[in-house]
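Scroll down for the structure; my scribbles are underneath it.
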Amino acid sequence: MSLATLTDTMFSAPIAHRDAVRYVASALDDFAITPELGPVWHLRYLYDDQPGSFRVVDMEIATPAGTLSSNDLWLRLPV
């Protein structure tokens, strides 16, 4: 599944939005991510466009080679 699918599913779950963000971020360690990110990467949160909003609406991953959107990242359980 893509990171976008995971975040959309978690954001529609009957839990607090901030909890969904925390669960997705912590779950990334449990998945094998494609494409391979390498040893240095940073999870970046994208916030609602309302001024002063801290509501996360999407996530992306920044690497030294560039930034990957949630639609470009594929997650699978390791074998």
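Any read-out appearing in this document is the output of simple, stated calculations on the displayed coordinates, not a laboratory observation. Just so you know, these numbers come straight off a predicted model, no measurement behind them. So basically every Cβ, Gly included, is an ideal-geometry build from the backbone, and we count neighbours across all protein chains shown.
Restricting the search to the stretch 28-42, which residues are exposed (fewer than 13 other Cβ atoms within 10 Å of the Cβ) and either of a type outside the set (V, I, T) or not in a loop (DSSP other than H, G, I, E, B) (or both)? Scanning the stretch 28-42 gives D29, D30, A32, T34, P35, E36, G38, P39, H42. May I ask you to verify whether T67 is in a helix (DSSP H, G or I), out of contact with any Pro (no Cβ under 8 Å at 6 or more places or on another chain), exposed (fewer than 13 other Cβ atoms within 10 Å of the Cβ) and of a type outside the set (D, E)? No: the conditions fail for T67. If the condition is being loosely packed, with under 11 Cβ neighbours inside 10 Å and either touching a Ser or Thr at 6+ places or on another chain (Cβ under 8 Å) or over 16 Å from L3 (Cα atoms) (or both), then the stretch 13-27 contributes P14, A16.
Go through the stretch 17-42 and give me each residue that's touching a helix residue (DSSP H, G or I) at 6+ places or on another chain (Cβ under 9 Å) and aliphatic (A, V, I, L, M). Listed by number, the residues that qualify are A20, V21, V24, A27, L28, I33. Within the stretch 43-55, if we keep just the residues that are outside any strand (DSSP E or B) and touching a helix residue (DSSP H, G or I) at 6+ places or on another chain (Cβ under 9 Å), the residue that is farthest from R76 (Cα to Cα) turns out to be F54. Does M59 satisfy the criteria of being part of a helix (DSSP H, G or I) and either surrounded by 13 or more Cβ atoms within 10 Å (Cβ to Cβ) or not small (G, A, S) (or both)? When the stated conditions are applied, M59 does not pass them.
Could you list, in sequence order, the residues of the stretch 1-27 that are of a type in the set (S, T, N, Q) and not in a helix (DSSP H, G or I)? Walk me through how you get there before you give the answer.
So the first thing to find is which residues in the stretch 1-27 are of a type in the set (S, T, N, Q), and the list is 2, 5, 7, 9, 12, 26.
Within the stretch 1-27, S2, S12 qualify.
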